[in-house]
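What follows is one structure encoded as structure tokens, with my remarks underneath.
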Amino acid sequence: YKVRVTTGVKDVLGNAMSNQYDSSFTTSPSSSVSGLFMAVGTGGKIIRSTDNGSSWDNVTSCQFSTNLYGITFGNNTFVAVGTSGNIVRSTDNGSSFDNVTSPITTAIKGVTFGNNTFVAVGTSGKIVRSTDNGSSWDNATSGISQYLNGITLGNNTFVGVGSGGKIVRSTDNGTNWDNATSPITTYLNGVTFSE
């Protein structure tokens, strides 16, 4: 969009503004705030940037007491995960977050969104998923007992990685999982996809 300020408009000091003050901005179809970044961390801290990451502020209305390890965005919903199975979500561009009932009580380390499904992974091979924008969550069986630390989606396949070089994958939106062959036995902490 292009915004043009015309005569009759005054700034906060009462000075007349003219059309020399042109401004352009873009709105994102997935969020009503352009350039919104969210970060989570120790002690349940949540911070956000509304200027493409140049400056950051605490989301003061929603600090939690447990550590948060991951956050993702999908269907106009932010979902963050953390210690003791903690899951929180925001449907107002990260201005406030609410606790969501989790089906597990162990740490959830990573979360992603794709195919209208949120999928999160954590300790003891735990995997949880939500198909209603993070409002409710169900357990999925990973088939492993090692920690899972990272999760991503690509080519309609969710892939989770974790300790012992473990790699699990699902081609049915996180309902069923199988083990993939890994060339290593050390920790894998993150995973992503590129077309």
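The values are calculated or read from the model by the stated rules, or taken from the named source; none is laboratory data. Small disclaimer: the values here were computed from a predicted structure and weren't measured. Every residue, glycine as well, gets a Cβ built from its backbone with ideal geometry; the counts of neighbours run over all protein chains shown. Just so you know, the surface numbers come from the protein's heavy atoms only, side chains and all, with ligands and any DNA or RNA stripped out. Shrake-Rupley method; radii C 1.70, N 1.55, O 1.52, S 1.80 Å.
All of Thr123, Thr117, Thr106 fail the test of being among the hydroxyl-bearing types (Ser, Thr, Tyr) and open to solvent by 20 Å² or more (accessible area, probe 1.4 Å), apart from Thr106. Scanning region 177-195 for residues that are small (Gly, Ala, Ser) and open to solvent by 40 Å² or more (accessible area, probe 1.4 Å), we see that the one that is modelled with the lowest pLDDT is Ser194. One residue stands out among those in region 47-70 that are under 14 Å from Ala107 (Cα atoms) and under 16 Å from the mean Cα position of the chain (by Cα): the one that is surrounded by the fewest Cβ atoms within 10 Å (Cβ to Cβ), which is Asn67.
Counting the residues of region 166-190 that are among the small types (Gly, Ala, Ser), more than 12 Å from Ile144 (Cα to Cα) and in a strand (DSSP E or B) gives 1.
Of the residues in region 130-176, how many are open to solvent by less than 40 Å² (accessible area, probe 1.4 Å), farther than 18 Å from Ala80 by Cα and in contact with a helix residue (DSSP H, G or I) (Cβ under 9 Å, 6 or more places away or on another chain)? Residues that pass the stated criteria total 4. Inspect all residues belonging to region 90-97 and state whether any of them is part of a loop (DSSP other than H, G, I, E, B) and hydrophobic (A, V, I, L, M, F, W, C). Yes, because at least one residue in region 90-97 is part of a loop (DSSP other than H, G, I, E, B) and hydrophobic (A, V, I, L, M, F, W, C).
Yes or no, residue by residue, for (1) in a loop (DSSP other than H, G, I, E, B); (2) touching a Gly at 6+ places or on another chain (Cβ under 6 Å):
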| residue | (1), (2) |
| --- | --- |
| Ser54 | yes, no |
| Ser65 | yes, yes |
| Tyr69 | no, yes |
| Thr72 | no, no |
| Phe78 | no, yes |
| Ser84 | no, no |
| Val88 | no, no |
| Ser102 | yes, yes |
| Val111 | no, yes |
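If you scan region 28-42, which residues turn out to be closer than 27 Å to Ile108 by Cβ and at pLDDT 60 or above? Passing the criteria: Leu36, Phe37, Met38, Ala39, Val40, Gly41, Thr42.
Return the residues of region 119-138 that are assigned to a strand (DSSP E or B) and either under 16 Å from Ile151 (Cα atoms) or in contact (Cβ under 8 Å) with a residue 40 or more places away in the chain (or both); say none if nothing qualifies.
Across region 119-138, the qualifying residues are Val119, Ala120, Val121, Gly122, Ile127, Val128, Arg129, Ser130.
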